[in-house]
Amino acid sequence: MTVRASVPIKKGDKISTIYTHTLEGTLRRRSNLRESKFFDCTCKRCTDPTELGTYFSALKCSNCNSGYQLPNNPLDINSVWGCSHCLYILAAEEVEKLLKSLEAEMEVISESAKTSGLIPPLENFISRHSGITLHPNHYLLMKPVHTLSELYGRVRGWYIDDLSLDILMRKEHHCLHLLSTIDVIDPGLSRLRGVTLYELHAAIFFIARMKFEKQEICVEELKQKLEKVICLLNQAEEILLFDPPNSTEAIIAASIPQSIEGVKVVMNHFCFNC
């Protein structure tokens, strides 16, 4: 067995690991750990109501519609949830009822739509709840954001060559949104970060080509975008090469050198022949 650090460790630092899925809120993570690992986690993320400033479990206040509600004590499953703006209080039972309702809604979407048909209902779920019912970073929104970041460009009807500029920019937005959260809750050489970097490179590459062909960006801007694409691919490869040889992630990593060469061919063609 090989153990590696995903971030640099300083002398005296406490070493920790993740036993649960990163894209779960504190209530669900701690419940899962209690049931499967038989301990109550008190890590920095679990003890912070904001989950390290991400607001990963925050609910939009239904009273003032300005603040967000967070648990007064995230280590207590029965804690009340208070609004950051008007101090309106929600009981733990009310929070659980809302979460179960939204989780059931997501389950219906997952069961009723085939992979290629998931995209519209997932986007609809996000638009109906982001900043309205839930904080935009809420885990019940970040899960579909994660799914969409990978579906765009990969499933029938939504292949990368068929995507419009608006949809490509939507894919880019989802990747950047996801990365902004991952860099806090699962930073460094994490698999989730590696795959998201890989998905982001495709969006930026095709957006740049499309905008250049429409003469919306100049040669120098195209060159800068393509250099960024190569940088993203190198970062993704560094991370994903750690995965088992036959895994999906390792297969992606093995394809990256060829992808980089392809980007360089495009760069040479457009940036040095203009």
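The values are calculated or read from the model by the stated rules, or taken from the named source; none is laboratory data. All of these numbers come straight from a predicted model, not from anything done at the bench. Cβ atoms come from the backbone with ideal geometry, glycine included; neighbour counts cover every protein chain shown. Heads up: the accessible areas ignore ligands, DNA and RNA and are worked out on the full protein's heavy atoms, side chains in. Shrake-Rupley method; radii C 1.70, N 1.55, O 1.52, S 1.80 Å.
Key figures for this structure:
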read-out	value
Inter-label distance for L87 and D13, nm, one decimal - labels placed 7 Å from Cα along Cα-to-Cβ	4.0 nm
Per residue accessible area of the chain, 1.4 Å probe, in Å²	55 Å²
Computed FRET value (nearest 0.05) for I160 with K264, which takes r as the C-beta separation and R₀ as 25 Å	0.85
Correct choice for Cα extents along the principal axes in Å that was computed from the model, options (1) 65, 44, 35; (2) 81, 46, 32; (3) 58, 48, 34	(1)
25 Å Cα-Cα threshold exceeded, pairs from K211/K264; K60/K100; K10/K228; K37/K100; K37/K171; K10/K44	K10/K228; K37/K171
Computed [θ] at 222 nm, deg cm²/dmol, the chain (DSSP H ≥ 4; -39,500 (n - 2.57); rounded to nearest 500)	-18500 deg cm²/dmol
Counted charge near I217, where neighbours are those whose Cβ lies closer than 11 Å (Asp, Glu -1; Lys, Arg +1)	+1
Long-range HN-HN contacts of L134 with modeled amide H, under 5 Å	K60
Net charge of neighbours whose Cβ lies under 14 Å from the Cβ of I132, counting Lys and Arg as +1 and Asp and Glu as -1	+1
Extended-chain gain in nm, criterion 0.36 nm per residue less alpha-carbon gap, N78 and T2	23.5 nm
Largest-first principal axis extents, alpha carbons of segment 1-118, Å	47, 42, 26
Solvent-accessible area, 1.4 Å probe, carbon plus sulfur percent, for the chain	53 percent
Estimated FRET transfer efficiency (K114, T20; beta-carbon r; R0 25 Å; 0.05)	0.30
With at most 16 other Cβ atoms within 10 Å, longest stretch of the chain clear of loop trypsin sites (Lys or Arg not before Pro) (DSSP)	38-113
